[in-house]
Amino acid sequence: MLFYITSWRLQFVILCVLLALCAIIVATLLPESPFYYAGKGDMDKAMISLEKISRTNKVALPHSLVLERPTKPGAITSESIFGVLHVSMVTKLGVVSLFYAFFTMALLLYCLSYHVSAVPGDVYNNSFIMGLTSVPAYYWLYRYGDKLGRKKCLINLYLLTICSLLVAWCDSRGTALFNTITIQLLAFVTARSCMLAIASLMYLYTSELYPSSARSGLVGLSSMIARAGAILSSYVLVLDTYDPSLVYIICLVAAVLALVLLARLPDTTGTQLPQTFSECDALFQGQAGVSGEDLSRIA
């Protein structure tokens, strides 16, 4: 249908409306959070929502599971995102590392997406190939995201991204070893596919690190910082007019620093979601799984 519409503005509006309708339909099918119902004191709806989620994930609920009614229904424990200022220095540095990881993720993703014209060959064919390779990236994440754990997946993806960027950088310097269109395109597409998987995994990983009491605010702040990286990417690409290798050098330095910082963060495999900043503090200090009494003593 869009083929017969000559106005790009009208095409843009139609696509936006269709995508918005799809998002509304999907949102209506999503179950409400059991934590929300429990906070409101409606334990029946909380159990129904939990059972629906378990069926979707094909995970059986324990037969001994009993949801306890909160002592004060209607009051969901909530903390300001500024509560991160009152945690230990280890946790503060961890949160800053996550902010930088979001910034780098967006910077590299958009730099690689917009820099496709630097790859030899037809730019439209290359863009089409890049779009197709996002499918195996998400499939790999689906298969191994739980088996390897979030942190190990991020580290492996960043290592592969760095290797691919090194190949692209060598090509920009005119190294004969990589002076073939196939290897150049493969390196470029691999780096971008890894960044797509990293972008999806970062939202999941940070949600498991941030406390439930301020998770939405901190994830939203991280996403806002990522937008700054996306905006900066357009200015980084301008450097290509001066030296084609500068774009890859900046991306390499940013990726290596993000890898080092992520390697120092805790792994969330087999840990419970932190509910408060005290539990979040314990997780970042490597004390995940401690009891509530120990958490109050740590705080």
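With viscosity set to 0.890 mPa s and temperature to 25 °C, compute the Stokes-Einstein D of the chain, Rh being the Kirkwood radius across alpha carbon pairs; µm²/s, no decimals.
Taking Rh from Cα pairs, D becomes 112 µm²/s.
Counting Lys +1, Arg +1, Asp -1, Glu -1, what net charge surrounds Arg215 among other residues with beta carbon under 14 Å of its beta carbon?
Net charge in that neighbourhood comes out at -3.
Mind jotting down the distance between the C-alpha centroids of the stretch 216-240 and the stretch 245-288, whole Å?
Answer, in whole Å: 18.
With the cut-off at 32 Å, tell me which of the pairs Lys58/Lys151; Lys45/Lys92; Lys92/Lys152; Lys58/Lys152; Lys40/Lys152 have Cα atoms farther apart than that.
Lys45/Lys92; Lys40/Lys152
Per 5 Å bin, what is the whole-percent P(r) computed from every C-alpha pair distance within the stretch 78-219?
Bins of 5 Å from zero give 2, 9, 17, 18, 16, 13, 10, 7, 4, 3, 1, 0 percent of pairs.
Quick check: the angle from helix 150-172's long axis to the longest principal axis of the chain, C-alpha only, nearest 10 degrees?
For 150-172 against the chain, the angle is about 10 degrees.
Using alpha carbons only, how many degrees (0 to 90, rounded to 10) separate the axis of helix 134-148 from the longest principal axis of the chain?
40 degrees
By how many degrees, 0 to 90 and rounded to 10, does the Cα axis of helix 123-132 deviate from the longest principal axis of the chain?
30 degrees
Out of the stretch 1-58, which trypsin sites (Lys or Arg not before Pro) are coil in DSSP terms and have no more than 16 other C-beta atoms within 10 Å?
Lys58
Return the calculated 222 nm mean residue ellipticity for the chain, to the nearest 500 deg cm²/dmol, obtained by summing -39500 (n - 2.57) across DSSP H runs with n ≥ 4 and dividing by the residue count.
-23000 deg cm²/dmol
What is the local net charge at Tyr144, summed over the other residues whose Cβ is closer than 15 Å to its Cβ (Lys, Arg +1; Asp, Glu -1)?
Summing Lys and Arg as +1 and Asp and Glu as -1 gives +3.
Taking the stretch 186-273, which trypsin sites (Lys or Arg not before Pro) meet the DSSP loop condition and have no more than 14 other C-beta atoms within 10 Å?
Taking the stretch 186-273 and a limit of 14 other Cβ atoms within 10 Å, the loop trypsin sites (Lys or Arg not before Pro) found are Arg264.
For Leu98, what charge total do you get from the other residues with a beta carbon under 13 Å from its beta carbon, if Lys and Arg give +1 and Asp and Glu give -1?
+4
Please report, as a whole percent, how much of the solvent-accessible surface of the chain comes from carbon and sulfur atoms (probe radius 1.4 Å).
Taking all protein chains in place, the chain shows 66 percent carbon and sulfur surface.
Which whole-number value in Å² is the accessible area per residue of the chain, probe 1.4 Å?
59 Å²
When only Cα pairs under 8 Å and 6 or more residues apart are kept, what is the percent relative contact order across the stretch 134-260?
Over the stretch 134-260, the number comes to 34 percent.
The values are calculated or read from the model by the stated rules, or taken from the named source; none is laboratory data. Everything numeric here is computed off the predicted structure, so don't read it as measured data. Please note: Cβ atoms are built from the backbone with ideal geometry, for glycine as well, and neighbour counts cover all protein chains shown. These accessible areas exclude ligands, DNA and RNA; they are computed on the full protein's heavy atoms, side chains included. Shrake-Rupley method; radii C 1.70, N 1.55, O 1.52, S 1.80 Å.
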